[in-house]
Amino acid sequence: MIDRPSLVDCGGGVWLERAVRCTLSDGVALVSDHYYPPGDGPHPTILMRQPYGRDIASTVVYAHPIWFASHGYNVVIQDVRGRGDSEGEFYPFRTEGRDGAETIAWLRTRPESNGKVGMYGFSYQGLTQLLAAAERPRGLLCISPAMAACDLYRGWFYHHGALRLAGAIGWGLQMLRFDARRAGLREAHDEFEAAWASRTRPLAAPYENIPAIQATYLQDWITHTEPGEYWSAHDVSATLDRIDIPALHVSGWYDMYLQGSFDGFLSLCEHAGSQFARDHQYLLAGPWLHIPWGSRIGERDFGPDARLDTDALLLAWFNHWLKDSGEFAAQPRIRHFALGAATESRWFSTDELAPTQFLTFYLHSQGRANSSKGDGALGIAAPTTDEPADQFVYDPEVPVLAPGGSFAPSGCFDQAVLEQGNNLLVYTTAVFEEPIHVFGSPTLELFCITSAVNADFTGKLVRVTPDGRCEFLCIGIARSGFLFKDEGYASDSIYRWRFTLEPTSCVFAAGDRLRIEIAGGAFPLYDRNPSRDIPARMADPWNWARSTHRVLHDAAHPSTLTLPLALPS
């Protein structure tokens, strides 16, 4: 069926055909590498569509395509429109649904194909799967979107109105550098590199000054600051009922798109286009960064159990749906690795993500919760007296730092040094006498006053070990203009700020303590609020302003942290 002399012998009976062209209905040609398995076939096909160059399939988190091909699959790695060797103009997400569906239709006509197709890949490659699935191409039987999102606004670019700066802009500048390199514009490439390195220039500045780069997508992302038609036109948030196939969602507790993976799983469990599809959504969450997926993050090693063989799991997934092997039938709907003490860190399984048990802590202090040296406490009893409020000064020029996505330190790093500053509030429980397992998204409800007309509050959940290490677990942020859009927001007035943190799974062992940090920002994970009535994308040090933030926790204003708990196994 295949002209073997024109192929590259990869060993073990696997053959590679490079730069295969697929011409779409609009005349644009997409280019892919095809790996053919041993034997005559025909065989099922697994497809990855990506914007980074076809070699990316073998350089990050997955086994080389040769390995998957050796297990009886045609493996196709394709450059998306306007990337690598493919023709056309690249605008992220915009044409991936149609292009993916047409690619699948073309693959099914090839002699090596038995008509059954699955898709794999993480990050942008995960989005290409979801968008293609919403087109319902014939023959696409399963997908495995890792570290992706069904809702781009909430799961990829913004969190309660704050821009996910490190993830969104860092990745967007990477794409623009590719645009500049593709066009041979070294000066523009270097300008984009400098833009990301700058801590002070306005977000909008570098893209307006390089007319040779016509791509508008990054400008579009930072100007569409609210959910709406722009975002839904580029994702599947409005077309979830068009997806009617099984999906294996993979994420990591320290991945920048963690929220997107969890929300995508839940959304498809509820809104996928058939009961069959709703019943066959699966979620895997490990102790991982965006890359790599291993057992070690910084100084912390989660042990050999954390080194899950995700390639073998993915192979079992494809064998189940594309070869009718039945080998995935015994897998739980949800499998998650619990962070925490070494004796408690292990994999847990459940069929339900929605928690049924909650534990609420109340914030307490005598008005001096600033820093870890302060008197902030978390207790299960509500305040009964007029406890004095806590306050701190938010300064965008000296922001509280937070993990910054895949290109900055992330993971369970020690917060002890950061917690010495008076520009954040720290509330800590007493030592736990028995273990508790937090699983899901914690919720903060704060009664607050700010001197600024535009403000943020952040909450960061921390595990404090008996030896004093302060391990970051998860974080959340809310922006006044988003949270109080309908009622309006004014300075020097009391508002109830209620928002969720991103999900986590952590077993707090006996001897541990739990801590919440409250601040006015988290840079560079999120963009800095200028504290003025000016879009954050236009602000620079000239128009930044300081703001006094107050958190109330008296009998009339009980501020709380509510934790979702995992049921005992």
The chain: antiparallel bridges as % of DSSP beta bridges, rounded to 5, reads 70 percent
The stretch 454-569, relative contact order in percent, only Cα pairs under 8 angstrom and at least six apart counted: 27 percent
Can you list the aspartates and glutamates whose alpha carbon sits under 19 Å from that of LYS373, skipping same-chain ones fewer than 8 residues off? GLU387, ASP390, ASP414, GLU419, ASP467, GLU471, ASP512, GLU517
Global geometry of the stretch 44-140, whether rounded, prolate or oblate, following the gyration tensor of its Cα atoms and the 1.5 cut on a/c: oblate
Taking other Cβ within 10 Å of each residue's Cβ, how do LEU165, LEU308 sort, fewest first? LEU308, LEU165
In terms of Cα to Cα distance under 13 Å, which aspartates and glutamates are near enough to LYS116, apart from those fewer than 8 places away along the same chain? ASP324
The stretch 1-54 to the stretch 524-569: how many Å between their Cα centroids? 50 Å
Cβ charges +1 (Lys, Arg) and -1 (Asp, Glu), total dipole of the stretch 357-565, debye: 260 debye
Using only the Cα atoms of the stretch 465-569, build the gyration tensor, take square roots of its eigenvalues as a ≥ b ≥ c, and label the shape rounded, prolate or oblate: rounded if a/c is under 1.5, else prolate if a/b is larger than b/c, else oblate. prolate
What number comes out for the charge environment of THR310, summing +1 per Lys or Arg and -1 per Asp or Glu over other residues with Cβ under 15 Å away? -2
Taking THR443, THR504 and counting other beta carbon atoms within 10 angstrom, the fewest-first order is THR443, THR504
Candidate aspartates and glutamates - alpha carbon under 12 Å from LYS485, same-chain residues fewer than 8 apart omitted: GLU226
In terms of the Cα gyration tensor, with a ≥ b ≥ c the square roots of its eigenvalues, is the stretch 424-507 rounded because a/c is under 1.5, prolate because a/b exceeds b/c, or oblate? prolate
Among TRP253, TRP542, what is the fewest-to-most ranking by other Cβ atoms within 10 Å? TRP542, TRP253
0 to 90° range, to nearest 10: angle between helix 96-108 axis and the chain longest Cα axis: 30 degrees
Hey, how many Å between the Cα centroid of the stretch 158-197 and the Cα centroid of the stretch 337-409? 32 Å
Which whole-number percent is the relative contact order of the stretch 325-467 (Cα, under 8 Å, 6+ apart)? 20 percent
From Cα pairs below 8 angstrom and at least 6 apart in sequence, can you work out the relative contact order of the chain, rounded to a whole percent? 13 percent
Just one of (i) -0.56, -1.02, -1.19; (ii) -0.77, -1.10, -1.22; (iii) -0.61, -1.01, -1.16 is log10 I(q)/I(0) by the Debye sum over Cα atoms at q = 0.08, 0.11, 0.12 Å⁻¹ calculated from these coordinates, so which is it? (i)
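No value in this document is a laboratory result; all are computed from the given coordinates. Here the structure is a predicted model, which is why all the values come from computation and not from measurement. Note: ideal-geometry Cβ built from the backbone for every residue, glycine included; neighbour counts use all protein chains shown.
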